[in-house]
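See structure below.
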Amino acid sequence: KGSVKMAGLGLRELGGTGLRVTSVSFGASPLGNVFGNVKEEDAIASVHEAARLGINYFDVSPYYGDTLAEMVLGKALKTMPIPRESYVVSTKCGRYGSGFDFGAERVTRSVDESLARLNLDYVDIIICHDIEFGSLDQIVNETVPALQKLKESGKVRHIGISGLPLNIYRYVLDRAPKGAVEVILSYCHHSLNDTSLLELVPYLQDKGVGIISASPLSMGLLSGQGYPEWHPAPSELKAACAQATEVCKAQGKSIAQLALQYALRNRDIATTLVGMSSVDVVRENVKTAIEVEQSTANIDEELLQQVEQILQPVKNMTWPSGREEN
Ligand code: NAD
């Protein structure tokens with residue numbers, strides 16, 4: 001009593017999971033070198049700095065860098081500066097360097113393999129990775145039930161699904177037993193150039209499903225640092241994002257900061273996963289998140305309007321992902 005609370009990142013409920021997560025969270029795919037090579041010591045330092053600054057949610061997958069991201073994150077978790085019960089880890093199953101397999105046997109084995117790499121004895125959330133590449137009926141009838149067994153054994157605490165097309169979420173959530181799928185991880189649909197995730201928010205809230213939004217920088221298109229060669233966006237979208245980037249640069253402003261401010265402003269989204277792999281970027285993004293939370297962010301509304309105008313012709317433009325029938 002009477003002590004002055006340090007201004008920091010607050011926590012938000014993740015649907016009905018009982019988990020509370022920070023508005024900005026740590027996407028560990030860059031630790032698998034998917035956005036360029038990262039030194040292991042820098043990767044580990046960035047995870048530890050994130051934890052020290054209050055970020056309490058870390059996401060990874062065995063797919064990122066063909067298990068490399070999990071191994072590097074695992075090394076960082078081994079010497080984490082905060083206790084295990086104070087942070088949340090999600091990893092994924094069903095997507096691997098070798099391809100897709102959402103079968104019960106594979107995902108069950110996958111969780112054990114991930115736990116070993118992560119140096120953990122449980123993960124808080126297990127997410128079926130990019131389910132549009134599999135059979136959605138298999139996800140409902142086989143994958144989720146297999147993960148529910150792992151929940152009983154204590155190896156996983158909550159179950160989620162991820163993927164690009166937004167229709168996959170209703171398909172699975174309308175068919176899986178109530179409460180079986182507790183979170184969704186959507187990506188590239190809540191950013192300066194794409195807000196299509198918002199249409200799904202009332203439905204998800206109604207179901208009590210936690211909303212994780214990833215890639216607020218549109219997987220690098222809005223990073224100001226260029227994007228990876230594998231980026232699947234149509235060239236029209238890439239060109240518009242490049243133009244918006246130039247407009248920011250010409251005014252000495254960071255498009256990454258603007259994009260993050262924009263994504264974090266919406267409090268219906270429990271948490272926004274940003275790919276990070278350097279201490280400086282972690283510090284910058286935490287600072288931005290705290291400013292947005294405390295409404296002290298100096299969002300440059302004029303610049304935002306200019307950028308939105310440039311992006312208007314490509315608004316909500318996306319790209320094909322997964323099997324055609326999905
Ligand atoms: P992102 O939009 O977060 O962009 C990441 C890129 O932006 C990286 O190159 C990073 O170094 C750079 N960056 C971050 N902050 C910056 C800043 N302040 N200034 C300049 N550059 C900055 O895309 P992402 O990494 O693909 O998405 C975030 C995370 O979400 C992933 O790491 C992953 O954990 C998760 N994700 C999951 C899925 C899925 O489940 N299918 C898909 C996409 C992302």
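The values are calculated or read from the model by the stated rules, or taken from the named source; none is laboratory data. What you are looking at is a predicted structure, and each value in this text was computed from that prediction instead of being measured. Note: ideal-geometry Cβ built from the backbone for every residue, glycine included; neighbour counts use all protein chains shown.
Values as computed for the structure displayed
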{"item": "Only listed residue being hydroxyl-bearing (Ser, Thr, Tyr), under 15 Å from the mean Cα position of the chain (by Cα) and farther than 28 Å from residue 97 by Cα, chosen from 61, 23, 29", "result": "23"}
{"item": "Of the criteria (1) more than 16 Å from the ligand (Cβ to nearest atom); (2) touching a helix residue (DSSP H, G or I) at 6+ places or on another chain (Cβ under 9 Å); (3) modelled with pLDDT under 95, which one residue 3 fails", "result": "(2)"}
{"item": "Close pairs from region 271-294: first on the phi > 0 side of the Ramachandran plot and surrounded by fewer than 22 Cβ atoms within 10 Å (Cβ to Cβ), partner part of a helix (DSSP H, G or I) and hydroxyl-bearing (Ser, Thr, Tyr), Cβ under 6 Å, at least 6 apart", "result": "none"}
{"item": "Check on residue 82, part of a helix (DSSP H, G or I) and away from the ligand (no atom under 15 Å from the Cβ)", "result": "no"}
{"item": "Residue tally, condition assigned to a loop (DSSP other than H, G, I, E, B) and touching a strand residue (DSSP E or B) at 6+ places or on another chain (Cβ under 7 Å), over region 33-51", "result": "1"}
{"item": "Residue match in region 36-48 (condition: among the charged types (D, E, K, R), without any contact (Cβ under 8 Å) to a residue 60 or more places away in the chain and within 14 Å of the ligand (Cβ to nearest atom))", "result": "yes"}
{"item": "Members of region 259-289 found to be more than 10 Å from the ligand (Cβ to nearest atom) and out of contact with any strand residue (DSSP E or B) (no Cβ under 9 Å at 6 or more places or on another chain), listed by number", "result": "261, 265, 279"}
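Here's the yes/no breakdown for (1) among the β-branched types (Val, Ile, Thr); (2) at pLDDT below 95; (3) under 30 Å from residue 11 (Cα atoms):
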residue	(1), (2), (3)
200	no, no, yes
207	no, no, yes
219	no, no, yes
247	yes, no, no
251	no, no, no
261	no, no, yes
